[in-house]
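Notes follow the structure.
The values are calculated or read from the model by the stated rules, or taken from the named source; none is laboratory data. In this text the structure is predicted, and so the values were computed from the model without any measurement. Every residue, glycine among them, receives a Cβ derived from its backbone with ideal geometry; neighbour counts consider all protein chains shown.
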Amino acid sequence: MNRNRPTRYHAAWVVPIESPPIQEGFVDVAGGVIEALGTSASVPSDPGRRTVRLSDQAILPGLVNAHAHLELSELRGEIPPASSMPAWARDVMSKRESLEIGNAVRAVKIAAAELRRTGTSLVGDIANTRLSAEVLEKTSVDAVVFREEIGFNVMDDEARKIADRLCEEQRRWTGRHVRLAVAAHAPYSVSPSLFKALSRAAGDGLRSVHLAESKEEILFLEAGIGAWRSILSERGRWNPKWKPPAVGPVAYLSELGWIGPRTIVVHGVHLTDAELRFLAENGATLVICPRSNAWTGAGIPPIERIFSYGVRVAIGTDSLASVPDLNLFSELAEIRRIAPDLPASEILRSATQVGATALGAGDRLGAIVPSRKASLIAVDASGASKGIEESLVSGIKPEQITWLDDIDFGVDEIPS
């Protein structure tokens, strides 16, 4: 069977994301590219095109998991829920020091396969090594791997060397569908010198940073005290010359050149109204990961308030050290639970188009549009009594998902 043959997929629903859902719709695909879409009743037959009917299913773009930590996949089931973010981080650091590289590779491979199985077409992964980039490059999942740096006591000379190394690494990387970018861990774990050096390394490219994730982070920036200060001291990372800026995390990073339209800030559980307004005005993208926030003790993100300020919102799962799975549909269901009045269309757009745009792939992925990559999934829509969009944000299991390019045409093909 020639899988490159032009194919027309008819489905109970087509969910383009950039336009309203189409009931009884079709999508034409050829050579891995979307050619056309519309209502099935309006399109003439095409004898040169294979036709596949997907009864009781919805076609939509593959999802975008905008924030994951695949390197932590070996910790799945190892880290219990915590009462605070620093307590959870202590547990992770303790257990991570005993990980073996061989087991870590296997865990990342399993996690990458899970991304694909649960309908993810693009992932924004945070990594301290090139392990996940090398694994993902051998899969069909597109990725931006953010090479993350940590170092609160890193001064100017060392910061420059780190930035130069990252620039050289990006220059030498030859991945086909995995790109490398720059990440700084968080305001409480990265020195001002390192932030500035990483900003220069990122240039006008993508950058990512954890921001306003915990109350302890806010306290640290305001007064230089609390659990994060204790952890830095315990690990020999404290810089006694550092003075707390006595401002919030958004103002602090803005002064260091880290807030702009190519910036991805992650979590935002404790952002103020003024900070949300600033992020919206400066075009930054905020990735929310509510299941992880509850697990780590960080809190519950104010999702409806975040959306009300017009912030560009993408969605991530975070790591398997803080969530039971990498199924982004489960994250959508949690968002729906927390924000019952948020339109389902907005949640879906965040999980597709917004995430793809934030990761620099908005012209290829995230919506069903002619000329874009046909990275499309079919999802069981037989129970869509509340409307297809509401059904998709109410919880979808892996067994309900099929990639269009994985369909057995010998079974599903019908005459044109």
In segment 365-401, which residue that is of a type outside the set (A, V, I, L, M) and touching a Leu at 6+ places or on another chain (Cβ under 9 Å) is surrounded by the fewest Cβ atoms within 10 Å (Cβ to Cβ)?
Pro370
Would you mind finding the one in Leu276, Leu286 that is part of a strand (DSSP E or B) and either touching a residue at least 24 places away in the same chain (Cβ under 8 Å) or touching a Gly at 6+ places or on another chain (Cβ under 6 Å) (or both)?
Leu286
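I'd like to check which helices (runs of 4 or more DSSP H) are fully inside segment 166-244 and have at least 3 residues that are among the hydrophobic types (A, V, I, L, M, F, W, C) and within 28 Å of Arg130 (Cα to Cα).
Where helices (runs of 4 or more DSSP H) fall fully within segment 166-244 and carry at least 3 residues being among the hydrophobic types (A, V, I, L, M, F, W, C) and within 28 Å of Arg130 (Cα to Cα), they are 192-202, 227-234.
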Are any of the residues in segment 336-358 crowded, with 18+ Cβ neighbours inside 10 Å and of a type in the set (Asp, Glu)?
no
Going through (1) under 16 Å from Phe152 (Cβ atoms); (2) over 21 Å from the mean Cα position of the chain (by Cα) one by one, Arg200 fails only at (1)
If only one of Ala104, Ala113, Ala87, Ala66 is touching a strand residue (DSSP E or B) at 6+ places or on another chain (Cβ under 7 Å) and aliphatic (A, V, I, L, M), which one is it?
Ala66
Answer yes or no as to whether Glu18 is modelled with pLDDT of 95 or more, surrounded by fewer than 23 Cβ atoms within 10 Å (Cβ to Cβ) and within 30 Å of Asp318 (Cα to Cα).
yes
